[in-house]
Amino acid sequence: MSEENNQASTSGKCGKEQWIKRGLILLLVVAMVGVYLYQRRGLTIRGWGEDLPAALSQAKAENRPLVVMFVNKMQTPTARTLRGHIAKPGNQKALKEGRYITVIVPLDNSLDSDLALKYKVKILPTLLLLGPDGVELNRATGNIGEVPFRATFLNYSP
């Protein structure tokens, strides 16, 4: 009888360990899917639009400059760093005071879309400062620091 009890307790222990392992594997799979979906959702910046044609129309109608950020559809470390720099209070204040219309445009990494060709986007991320008429005034590619964004990029003078 004691031999049967030992077998029952051993099989119960193995069953419990198997359920724990299965649970951990399931948790790992769910976490991996979550990370994948998070990266696929693209880069967003609070207060920035995502419709370039509408932003261009608004800029022209209101005679306001436009800041366009072209990014890869999949989030990249450089784009996340740039987003962090743009989100800093000093840069948000400069964008608001300058009455800039802001828009973020996700592109495929191949950069062969009509939009990428039209705006000569060769590296992602690319920032463009456009006048109210849609003419390019300034450009920055890759990462740009927090202070250079507002001191150099936004305060461009030809």
Any hit, segment 117-126, residues being in contact with a Lys or Arg (Cβ under 6 Å, 6 or more places away or on another chain) and among the polar types (S, T, N, Q): no
Residue list for segment 109-149, filter: β-branched (Val, Ile, Thr), in a loop (DSSP other than H, G, I, E, B) and under 20 Å from Asn72 (Cα atoms): Val121, Ile123, Ile144
For Pro106: the one exception among (1) part of a helix (DSSP H, G or I); (2) out of contact with any helix residue (DSSP H, G or I) (no Cβ under 8 Å at 6 or more places or on another chain); (3) surrounded by 15 or more Cβ atoms within 10 Å (Cβ to Cβ): (1)
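Return the residues of segment 95-150 that are touching a residue at least 12 places away in the same chain (Cβ under 8 Å) and basic (Lys, Arg); say none if nothing qualifies. Reasoning before the result, please.
Here is the first cut: in segment 95-150, the residues touching a residue at least 12 places away in the same chain (Cβ under 8 Å) are 95, 98-109, 111, 115-116, 119, 121-134, 136-147, 149-150.
Correct list: Arg99, Lys122, Arg139, Arg150.
Among the residues of segment 122-134, are any in contact with a His (Cβ under 6 Å, 6 or more places away or on another chain), charged (D, E, K, R) and in the same structural domain as Ala79 (by TED's automatic domain parsing)? Lay out the reasoning, then the answer.
Quick first cut of segment 122-134, residues in contact with a His (Cβ under 6 Å, 6 or more places away or on another chain) only: none.
Within segment 122-134, not a single residue is in contact with a His (Cβ under 6 Å, 6 or more places away or on another chain), charged (D, E, K, R) and in the same structural domain as Ala79 (by TED's automatic domain parsing).
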Subset of segment 53-83 (residues that are surrounded by fewer than 17 Cβ atoms within 10 Å (Cβ to Cβ), in a helix (DSSP H, G or I) and over 10 Å from the mean Cα position of the chain (by Cα)): Pro53, Ala54, Ser57, Gln58, Lys60, Ala61, Glu62
Residue in segment 69-85 that is in contact with a Ser or Thr (Cβ under 8 Å, 6 or more places away or on another chain) and of a type in the set (A, V, I, L, M, F, W, C) present: yes
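The values are calculated or read from the model by the stated rules, or taken from the named source; none is laboratory data. Quick caveat, the model's predicted, so the values are computed rather than measured. Cβ coordinates were reconstructed from backbone atoms using ideal geometry, including for glycine residues, and neighbour counts include every protein chain displayed.
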